[in-house]
Amino acid sequence: MDESLRAQIETNLSHLDGLIRRGRQIREMLATDPASKSALVANRAWQQDCGVAINQLSGGSKAHWLARAFSEAFLLRTESGQVIETAAPDEIVERLVGVLDQAVLSLSRMDDGKNASTSPAAAPLPHRFDFVHNVELRPVLEQAYAGSRDALEQGSYGTALITSSGILEAIVTDALEHKGSDALASTGVPAGKIADWTFDERLGVAERSGLIRGGCARLPEAARRYREISDSNGNPELNISERDARRATQVLHVVMRDLDPGR
């Protein structure tokens, strides 16, 4: 990869990371006090900065998928896709952070292409899952993450959603097991071992115990039922929309940041 392009990608990634951190802080402020004047002012400035960044990354084209995702983040739709009202400020912030995550994903894929074009076998794996306590699980998650990303880009939305959901369940389960049943007991845990809990139950306990925040509220129903809608080989048995696949990916990114705040 050309050095100037590599430097440009790294600059953009650094800028996006800064916007994501600001967005998370603003969301916390708005969730605590939706009428906070300082939070609303900070939110307006942040959204303007996000708009500038998205415009640059999309080449100024409103038809670009990133520009469309940015616009869609401000709208609330029914299941049929009809716009019914604008979303609450803190939800808009969360959605915009999801759009920024998509931009990071796309730029990271370009950067990964650099490694793939030289020596794939010798290229080191990324370190997205260093926060996972089970060391043996990390490379498995890296491979699954790459597969989910590729499936999303190729339009295989069912595969992307199922894989993202599996990763989400794995990292939440790892965090719960590391915290331990005794420490979780006060949060109203289900009966049995963690391995016996349903996906929804694991997410609920993780939220109540403070391991993750409320990002999973946006997880599509199909993602929560990903085991039920896939066959024995992990292939989807239902048609999954692009919207649901991308939302599952966004939620995964939010939870990854919850479990690894330093990202």
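Worth pointing out:
- Enumerated helices (runs of 4 or more DSSP H) restricted to the stretch 1-77, each holding at least 3 residues that are at pLDDT 90 or above and loosely packed, with under 12 Cβ neighbours inside 10 Å: 37-57
- Test: residue in the stretch 203-213 that is touching a residue at least 12 places away in the same chain (Cβ under 8 Å), surrounded by fewer than 14 Cβ atoms within 10 Å (Cβ to Cβ) and among the charged types (D, E, K, R): no
- Any hit, the stretch 185-193, residues being in contact with a Lys or Arg (Cβ under 8 Å, 6 or more places away or on another chain) and in a helix (DSSP H, G or I): yes
- No other residue among GLU242, GLU177, GLU169 is more than 20 Å from GLY98 (Cβ to Cβ) and among the charged types (D, E, K, R) apart from GLU177.
- Test: residue in the stretch 152-172 that is closer than 25 Å to ARG213 by Cβ, assigned by TED's automatic domain parsing to the domain that holds ALA245, crowded, with 18+ Cβ neighbours inside 10 Å and modelled with pLDDT under 90: yes
- Filtering the stretch 128-139 to residues that are surrounded by 15 or more Cβ atoms within 10 Å (Cβ to Cβ) and part of a helix (DSSP H, G or I) leaves LEU137, ARG138.
- Counting the residues of the stretch 228-242 that are modelled with pLDDT under 90, on the phi < 0 side of the Ramachandran plot and not hydrophobic (A, V, I, L, M, F, W, C) gives 7.
- Residue that is surrounded by the most Cβ atoms within 10 Å (Cβ to Cβ), among those in the stretch 177-200 that are of a type outside the set (Ser, Thr, Tyr) and closer than 26 Å to SER241 by Cβ: PHE199
- Residues that are crowded, with 20+ Cβ neighbours inside 10 Å and among the polar types (S, T, N, Q) do not occur anywhere in the stretch 232-243.
The values are calculated or read from the model by the stated rules, or taken from the named source; none is laboratory data. Just so we're clear, the structure is a prediction, and the values are computed from it rather than from any experiment. Note that each Cβ is placed from the backbone with ideal geometry, even for glycine, and that neighbours are counted across all protein chains shown.
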